[in-house]
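Structure first, then comments.
The values are calculated or read from the model by the stated rules, or taken from the named source; none is laboratory data. On a predicted model such as this, the values are computed, not experimentally measured, just so you know. Every residue, glycine as well, gets a Cβ built from its backbone with ideal geometry; the counts of neighbours run over all protein chains shown.
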Amino acid sequence: MRAVETRPPLGCAAVMMGVFRAALQDVHLPVTQQREAIAQVLFESGRHLSAEDIVEKLREGGESVGKATVYRTLNLLVKVGLAVEHDFDEGFKRYEMSAGPSRHDHLICTSCGTVVEFQSSDLDDLQAEVAGSHGFHILTRQVKLFGLCPACEESADAELLRAV
């Protein structure tokens with residue numbers, strides 16, 4: 001199993017912005033400053049962002065964008081295939097740029113919310129074996145493993161030791 005590099009390759013955000021502009025024109029929607037700013041934050045982040053994360057990042061940069069506009073733009077990015085929506089059972093959705101490794105899975109820290117992407121050939125092989133034994137054709141998969149990241153586990157262990 002190996003961790004997946006989450007930073008977009010150099011120049012990737014610029015390419016994705018060009019594709020996004022073309023997609024907006026294809027569906028006869030205007031290319032607005034707000035849509036571009038939202039997409040830029042997502043494409044440059046290399047992380048799984050919530051709508052609130054994007055609003056916060058834009059406000060830090062002096063942009064005034066409403067959460068409804070962010071959600072509409074994120075839904076549009078998903079619809080045109082430039083973003084992927086994830087539900088990590090946090091009560092809200094997270095989004096990531098759809099460029100990069102097409103098949104990866106997620107480790108999610110239930111304490112701090114850290115999300116780690118990983119790829120595992122062993123998991124791929126197991127999937128093929130299980131599907132084949134049932135005559136099942138896999139269209140897609142989502143593996144979400146919930147637990148504690150090393151920092152939170154260490155903190156939890158320290159709390160237990162202090163309680164003793």
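Of all residues in the range 39-70, those being assigned to a helix (DSSP H, G or I) and surrounded by fewer than 16 Cβ atoms within 10 Å (Cβ to Cβ) number 6. Remark: pairs (first residue in the range 87-104, modelled with pLDDT under 70; second residue surrounded by fewer than 17 Cβ atoms within 10 Å (Cβ to Cβ); Cβ separation under 7 Å; 6+ apart in sequence or on different chains) = Ala99/Cys12; Pro101/Val4; Pro101/Gln119; Arg103/Gln119. Leu107 fulfils the conditions (1) out of contact with any Phe, Trp or Tyr (no Cβ under 8 Å at 6 or more places or on another chain); (2) in a strand (DSSP E or B) except for a single criterion, (1). Report whether or not Lys93 is over 13 Å from the mean Cα position of the chain (by Cα) and among the basic types (Lys, Arg). So Lys93 does not fit the description; no. Taking each residue of the range 2-30 that is in the same structural domain as Ala83 (by TED's automatic domain parsing) and looking for partners that are of a type in the set (Val, Ile, Thr) and at pLDDT below 90 with beta-carbon atoms closer than 6 Å, six or more apart or interchain, yields Ala23/Val80.
Of all residues in the range 121-147, those satisfying the criterion of being under 22 Å from Arg94 (Cα atoms), out of contact with any strand residue (DSSP E or B) (no Cβ under 6 Å at 6 or more places or on another chain) and either in the same structural domain as Arg47 (by TED's automatic domain parsing) or in a loop (DSSP other than H, G, I, E, B) (or both) are Leu139, Thr140, Arg141, Gln142. Filtering the range 78-96 for residues that are out of contact with any strand residue (DSSP E or B) (no Cβ under 9 Å at 6 or more places or on another chain), within 30 Å of Leu24 (Cβ to Cβ), assigned by TED's automatic domain parsing to the domain that holds Ala23 and in a helix (DSSP H, G or I) leaves a non-empty set.
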